[in-house]
Amino acid sequence: MKSRVLDGVQVLDMTLAMAGPLATSRLGDLGADVIKVESPTGDFSRHWPVDGYWHGQESNAFLMLNRNKRGVCIDLKQEKSRDILIELVKRSDILVQNYRPRVAKKLGIDFETLHKINPRLVYVSISGYGDSGPMVDRPGQDLLVQSFSGLAFNGGSEDGLPQPSPVYMIDTCASHLAAEAALAGYIEAARTGQGRHFKVSLLAAALEIQIQEISTYLNTGRLAPRSAYPFASVYMEPPYGIYRTLNGYLAIAQARFPDLAKAFGEPDLAVLGEQAPPHSDLEARKAWRDRVAKRVSDYVARYTTEDLIEKLTPLDIWVNPVMNYEDLAKHPQFAPLCRTVEHKSGSYRTLAPAIDTMERTEITTAPMLGEHTDAVLEELGYGPAARAAFFAEGTVR
């Protein structure tokens with residue numbers, strides 16, 4: 001295959017932080033020409049490295065979320081910058097932005113305004129909580145949305161703190177929704193010649209991944225209780241969870257009580273499973289869950305992780321070791337999912353594109369601030385004198 005999936009598709013990326021940049025980076029992975037528009041101060045992820053890791057002068061957070069893009073720096077507060085932006089809009093197939101709802105309107109980059117300029121433009125906006133309601137102006141940040149959506153309260157123990165995800169899972173889920181919307185809109189625009197506005201929010205993403213749990217509550221009015229044992233989720237009962245072994249940890253995802261009883265040579269485990277009280281009896285159910293968790297913990301603690309995998313797998317009990325990043329990086333399953341990327345400060349390692357297109361494609365590193373401004377202006381038809389004037393006036397960087 002000589003061409004990539006989205007060759008010829010131009011994406012205008014007006015996003016910052018994580019959800020938006022990750023969505024447009026995914027489109028870039030698939031071959032789209034992604035032009036990232038930044039203000040003179042740049043996407044703030046340029047200034048917030050994870051674990052203090054800078055690659056040369058670049059934040060690792062920015063590098064990893066903005067690969068396969070070209071970078072343009074425009075001062076949108078200047079009048080002339082709007083002319084440049086309009087030229088970009090005319091040539092683009094997809095625009096993704098994650099300004100707060102009122103800011104896009106103020107800057108004149110809302111859907112209604114840009115649709116008149118380019119009727120086939122697919123417009124995807126990402127917000128924290130949607131574009132209306134009492135939360136509309138609240139900061140849309142991953143931890144805050146996990147907390148607001150009820151997700152954090154589904155983990156942890158009865159007397160402990162609610163347990164949020166240790167990674168930015170809501171941003172990641174929202175990025176998938178935004179990329180799906182962009183692709184669906186592009187297909188429709190190719191058929192009808194008309195683009196439309198797709199709205200994605202972090203809150204909607206957080207709710208979608210809890211659709212089973214929230215729907216259960218809405219139809220029963222019953223909250224699953226937090227127990228003494230810190231379960232992976234209050235809606236997933238033991239033996240589902242993570243347990244300490246002689247030399248590490250083991251995750252048990254699927255296990256029938258008779259099979260566990262057979263594996264550990266403890267018939268009373270099967271009896272304990274049969275003694276589960278109804279879910280409607282919250283206190284009794286909570287006490288039973290803690291008894292089960294304690295018993296399984298005691299049995300698992302007698303064996304090494306490797307011995308348990310060998311013992312439990314033939315009984316169709318689903319288990320895996322709990323690994324850290326060092327363990328993961330050494331595992332042969334990981335090798336095909338990792339890439340080395342060239343950068344002016346030296347190569348670095350990162351993850352391969354999550355969507356496998358059955359062809360080996362090289363990853364280009366994230367752009368320096370305004371790295372491709374001059375080249376893109378030339379593509380838009382601006383001559384050397386006009387470009388020089390833009391730079392001199394500070395309209396672009």
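About the centre of its Cα atoms, the stretch 231-329 shows a dipole size close to 240 debye [charges on the beta carbon of Lys, Arg (+1) and Asp, Glu (-1) only; nearest 20 debye]. Shape summary of the stretch 30-149, radius of gyration then Dmax from alpha carbon positions: 16.0, 44 Å. Rg and Dmax, both from the Cα atoms of the chain and both in Å, are 25.5, 85. Charged side chains reduced to their Cβ positions (Lys and Arg at +1, Asp and Glu at -1) give the stretch 244-397 a dipole of some 480 debye around its Cα centre. Report the extension gain between residue 218 and residue 323 in nm, rounded to one decimal, defined as 0.36 nm multiplied by the number of residues separating them, less their alpha carbon distance. Between residue 218 and residue 323, full extension yields 34.2 nm more. In the stretch 358-397, taking the dipole from charged Cβ atoms about the Cα centre, the farthest positive-side position among 376, 388, 364 is held by 388. Please list, by residue number, everything in the stretch 53-67 whose backbone N is under 13 Å from a paramagnetic label point 7 Å out along Cα→Cβ of residue 351. Under 13 Å, as judged by backbone N against the label point of residue 351, lie 64-66 of the stretch 53-67. Could you tell me what a quarter of the Cα convex hull surface of the stretch 245-397 works out to, in nm² with one decimal place? Directional mean of the projected Cα hull area for the stretch 245-397 stands at 17.7 nm². Computed from the C-beta positions of residue 107 and residue 275 and an R0 of 56 Å, the FRET efficiency is 0.35 to the nearest 0.05. Highest average first, the peptides 338-345, 370-377, 120-127, 105-112 ordered by how many other beta carbon atoms sit within 10 Å of their residues are 120-127, 370-377, 105-112, 338-345. Just for the chain, what percent of DSSP beta bridges are antiparallel, to the closest 5? If we restrict to bridges inside the chain, about 45 percent are antiparallel. For the chain, a simple Cβ point-charge model (Lys and Arg +1, Asp and Glu -1, everything else neutral) yields a dipole of about 620 debye relative to the Cα centre. Extension gain, residue 315-residue 287: 0.36 nm per intervening residue step, less the Cα-Cα distance, totals 7.3 nm. Taking max minus min of the alpha-carbon positions on each principal axis, the stretch 1-48 gives extents of 39, 16, 13 Å, largest first.
Structure remark: mean-square fluctuation, Gaussian network model of the chain, C-alpha springs under 10 Å; the largest value among 304, 172, 15 belongs to 304. If R0 is 30 Å, the Cβ-Cβ spacing of residue 242 and residue 180 corresponds to a FRET efficiency of close to 0.45. Each of 94, 31, 272 was placed along the dipole of the chain (beta-carbon charges, centred on the mean Cα), and the one lying farthest toward the positive end is 94. Take the residue pairs 80/106; 90/199; 69/105; 90/344; 69/106; 36/105 and return only those whose Cα atoms are more than 23 Å apart. Pairs exceeding the cut-off: 69/105; 90/344; 69/106. For the stretch 123-188, GluC sites (Glu not before Pro) are listed when DSSP marks them as loop and at most 16 other Cβ atoms sit within 10 Å of their Cβ; the list is 158. Here the stretch 356-380 and the stretch 272-296 have alpha carbon centers that stand 56 Å from each other. One Cα centroid belongs to the stretch 1-57, the other to the stretch 178-235; the line between them spans 24 Å. Summing +1 for each Lys or Arg and -1 for each Asp or Glu among the other residues whose beta-carbon sits under 10 angstrom from that of residue 59 gives -1. Taking the stretch 41-83 and a reference point 7 angstrom along Cα→Cβ of residue 386, the backbone N atoms nearer than 15 Å belong to 80-83. Taking a Cβ cut-off of under 12 Å around residue 318, the surrounding Lys, Arg, Asp and Glu residues balance to a net charge of -1, with basic ones at +1 and acidic ones at -1. Measuring r between the beta carbons of residue 91 and residue 165 and using R0 = 30 Å, the FRET efficiency lands at 0.20.
Values quoted throughout were computed directly from the atomic coordinates according to the rules given, and no laboratory measurement underlies them. If you're wondering where the values come from, they're calculated on a predicted model, not measured in any experiment. Neighbour counts run over all protein chains shown; Cβ positions are idealised from the backbone, glycine included.
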